[in-house]
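Accompanying notes for the structure given below.
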Amino acid sequence: MDRPFDIITIGHAIVDVLAPSSDDLPGAYGMEKGTMTLIDEERATELYQVLGPAIESSGGSAANTAAGIAALGGSVGFIGKVRDDKLGEVFTHDIRASGVAFDVPAATSGPGTGLCLIMVSPDAQRTMATYLGAGAFLYPDDIDANLCIEAKIVYIEGYMCGLHETEWSVSKAAAACHLKGGRFALSLSDPYWVDLKAASLGALLDNVDILFGNEEEVTAMTGSELDLAMSELAHRCELVVVTRGAKGSLVVANNQVIEVPAHPVDTVVDTTGAGDLFAAGFLYGLTHDYEPADCAELGSLAAAEVIGHLGARPQTSLSKLAAEAGLLR
C-alpha cells in the first residue's frame, strides 16, 4: 500500500465458514447462541467436522467493513495478519478482489490463518466460534504508521483490544491517525467481548472519536440503561453510533440524539456482518462529508443488503444500490 487512503481498517484476518445449524448446536459445545466465543485449534477442527455443508469466504469484522467501503466506491486499505497457508491465500485473494488494498506480509511460521465457524440458526441468528490463529499476532511493526497518519479515519475492531499481542499495535494506530487530525473509530464488536475486555476497551475510549456498538454492547460497556449509556459515552467520544437491528440506529452527535429507521428487508437470511456493513456505510459517508443521519441511512442500506443472504460480504454493488436510493453523492 503505497498511497494515502481515506480509511484504514485494522483487525483479525479470518476465513469464515458459514453453515446452517440447529438451535441447540451452540449450547452443546458450551457457547451462548448469538455471541462469539474464542476457541483453540483443536476445538476448531472438532466443530468443523460436525458442521453441515458450508460456505467458506474471507471474513473478519474490520475486513468485512473494508470490503463494504470498497463496494461503495471508497478508498480503503486493510491491515491484518495471515499465515502463508491455504486459508491465507483464500483471505488475500478475496479481500484484494473486493477492491481493498492488503499488503501485510504473511507469517512464515507459527499459528495458521484464523478461522471463524459461524453457525446460522433457523431464526438467522449467528453464533461464532473463532480461532484467531495468525491474526492474533499483528505486531506494531505490521502497522504502517504513514498510512494511519494520512488516513481520514482509522477503524479498529474491538476484538483487537485486550490482547497482549495486539495492545501496542492498537496504541500505535490510534496515536498515528491523530497526528494530522484524522479520526480514530472503534467497534465494540460483541457483548461477550465487552464483558471480557471491558477494562481495556474503557481505557481506550478517551482516544476514540467515533464509537460503534449495538444496544447490548453499549449497555454492557457502561453498566447503564441505553439512554444513560449513550450519554456517558458521548462525553468521551465525538460520535456514538448505536445499532438496534430492526429498530434502526441511534446517533449521538453535538449533544443531540438522532434516530434513523432500518432499511426494509424482505427476508432476513443471516445477520452475520450486519454491524460491519453498517459501519462501512457510515464511515464512507463521513469521509464524503455526509451529515450523521445520512451516514446512518447509508449504513442501514449496506446492512440490509448483507443480511439478505448468507455471508458477511456484499453480493451486489452497494454503490449502485445507494445511487438508486438517492443516497450516493
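Here, each number is a calculation from the coordinates, and none is a lab measurement. Please read these numbers as outputs of a predicted model, since none were measured by experiment. Here Cβ is always computed from backbone atoms with ideal geometry, including for glycine, and neighbour counts include all displayed protein chains.
Expressed as a rounded percentage, what relative contact order does region 1-152 have, with Cα pairs under 8 Å and six or more residues apart? All intermediate terms of the calculation are to be shown ahead of the outcome.
Details: 321 pairs, mean separation 58.2, N = 152.
It comes to 38 percent, rounded to a whole number.
As a proxy for reagent exposure, ranking 6, 85 by other Cβ atoms within 10 Å from fewest up yields 85, 6.
For residue 242, what is the net charge nearby, where nearby means another residue's Cβ is under 11 Å from its Cβ and Lys, Arg count +1, Asp, Glu -1?
-3
The per residue volume of the convex hull around the alpha-carbon atoms of region 47-89 is 109 Å³. Taking every alpha-carbon pair under 8 Å whose residues sit at least 6 apart, the chain reaches a relative contact order of 18 percent. Fraction of C-alpha pairs exceeding 32 angstrom in the chain: 20 percent, rounded to a whole number. With helices as the sole contributors, the chain gives -11000 deg cm²/dmol at 222 nm; each DSSP H run of n ≥ 4 counts as -39500 (n - 2.57), and the sum is divided by every residue. If the Kirkwood radius is taken over C-alpha pairs of region 188-329, then at 10 °C and 1.306 mPa s the Stokes-Einstein diffusion coefficient equals 104 µm²/s. When the Gaussian network model of the chain links Cα atoms closer than 10 Å, the mean-square fluctuations of 74, 245, 135 top out at 245. When the convex hull of its Cα atoms is viewed from all sides, region 1-119 shows a mean projected area of 7.9 nm². Between residue 205 and residue 165, the distance separating the two model label sites (each 7 Å from Cα on the Cα→Cβ line) works out to 2.8 nm. The equivalent ellipsoid that matches the C-alpha gyration tensor of region 100-156 spans semi-axes of 28, 18, 8 angstrom, in descending order.
Taking the alpha carbon gyration tensor of region 233-287, multiplying each eigenvalue by 5 and rooting it gives semi-axes of 23, 13, 10 Å, largest first.
Normalised by the number of residues in region 11-65, the mean separation of alpha-carbon contacts (under 8 Å, six or more apart) gives a relative contact order of 69 percent.
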